[in-house]
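See structure below.
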Amino acid sequence: MKVLVVDDEKDITALVAYHLEREGFHVLQAHDGLQALELIKRERPSLLVLDLMLPHLSGLDLCRRLRKEPDTARLPILMLTAKAEEADKVLGLELGGDDYLTKPFGPRELVARVKALIRRSEEPTGEEIMKTGGLEIDLGRYTVAVRKQVVELTPKEFDLLKALVLAKGRVLTRDYLLDRVWGYERASEIESRTVDVHVRRLREKLGSEAKRIVTVKSVGYRFDQDA
């Protein structure tokens, strides 16, 4: 299992690599955005640990590029950065990050989040195809179509939609979604905001079918098959 760690501070990449390699991961390292882009194309890692403040090509710009390409649109991305303001986190998530961890970080937490992202992205789903209204979800191929037009979702957006659909109308709390989709047992206010950001992005991509994702005030979300 390949993980690419991108940070211009070599001591940070070495620290992350050390702890991930102890868990059996094969770790690649890059120290600027352009180098990372080349490694991603050549090595096709299973996950990206990405600093936002990089030379030549910023982490945000790299993330934006990856999400536009079919081959990397679903690459799990853990953003690792010293920028701890809520606005920075929300921006990172809106541009396609699947998770966000600020420096200084605990190595055990970083490893746990990497494992959670990979577990969610590789979770077996079977071959079931679900259809409701103009929405078609192929759980085996991880594809979504709205009125026969394919919609590109990130792994977290797909897992979020899948969790809501499989709940069959039941209301899912933000804490439940953070545990089910992101693998967090306890949620901070920022992490709860992560769910809202992903729901907003998912609604934008679903277009006319976005009405099926219903907000339940102060609780969470549910999927309405009859909307």
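Read the figures in this text as sums done on the coordinates, not as results from a lab. On a predicted model such as this, the values are computed, not experimentally measured, just so you know. Cβ placement follows ideal geometry from the backbone for every residue including glycine, while neighbour counts extend to all protein chains displayed.
Points to keep in mind about this one:
- Global form of the stretch 129-223, assessed from the alpha-carbon gyration tensor, a/c cut-off 1.5: prolate
- Ranked list, fewest to most other Cβ atoms within 10 Å of each Cβ, for Lys115, Lys68: Lys68, Lys115
- Helix 33-43 and the long axis of the chain differ in direction by around 70°, with both axes built from C-alpha atoms.
- Distances between placed amide hydrogens fall under 5 Å for Leu28 paired with Val3, Leu4, Val5, all partners being 5 or more residues away or on another chain.
- Paramagnetic label reach from Ala82 (point 7 Å along Cα→Cβ; backbone nitrogen cut-off under 18 Å): within the stretch 1-20, residues 6-16.
- The stretch 1-58: proportion of alpha-carbon pairs further apart than 17 angstrom, %: 30 percent
- Estimated distance in nm for a label pair at Ser58 and Thr173, the labels positioned 7 Å out from Cα along Cα-to-Cβ: 3.7 nm
- With Cα atoms, 0 to 90° folded angle of helix 107-122 axis to the chain main axis: 40 degrees
- Residue exposure sequence - Ser121, Ser208 - by fewest surrounding Cβ within 10 Å: Ser208, Ser121
- Helix 10-22 axis, angle to the chain major axis (alpha carbon atoms, nearest 10°): 60 degrees
- Summarising the strand pairing of the chain, around 50 percent of its internal DSSP beta bridges are antiparallel.
- Placing R0 at 22 angstrom, the Cβ-Cβ distance between Leu166 and Lys205 gives a FRET efficiency of 0.70 after rounding to 0.05.
- Pairwise label distance in nanometres, His19 with Lys131, each label 7 Å out on the Cα-Cβ vector: 4.7 nm
- Percent of Cα-Cα distances greater than 23 Å, calculated over the stretch 2-122: 18 percent
- Two-site FRET efficiency, Glu69 against Ala227, from Cβ-Cβ distance with R₀ of 41 Å, rounded to 0.05: 0.80
- Residue order, fewest to most beta carbons within 10 Å, for Asp175, Asp98, Asp224, Asp7: Asp224, Asp175, Asp7, Asp98
- Lys-Lys pairs in the stretch 129-223 that are eight or more residues apart or on separate chains and whose Cα atoms lie under 15 Å of each other come to 6.
- Taking Cβ atoms as reference points and 15 Å as the exclusive limit, the residues near Thr72 contribute a net charge of +2, counting Lys and Arg as +1 and Asp and Glu as -1.
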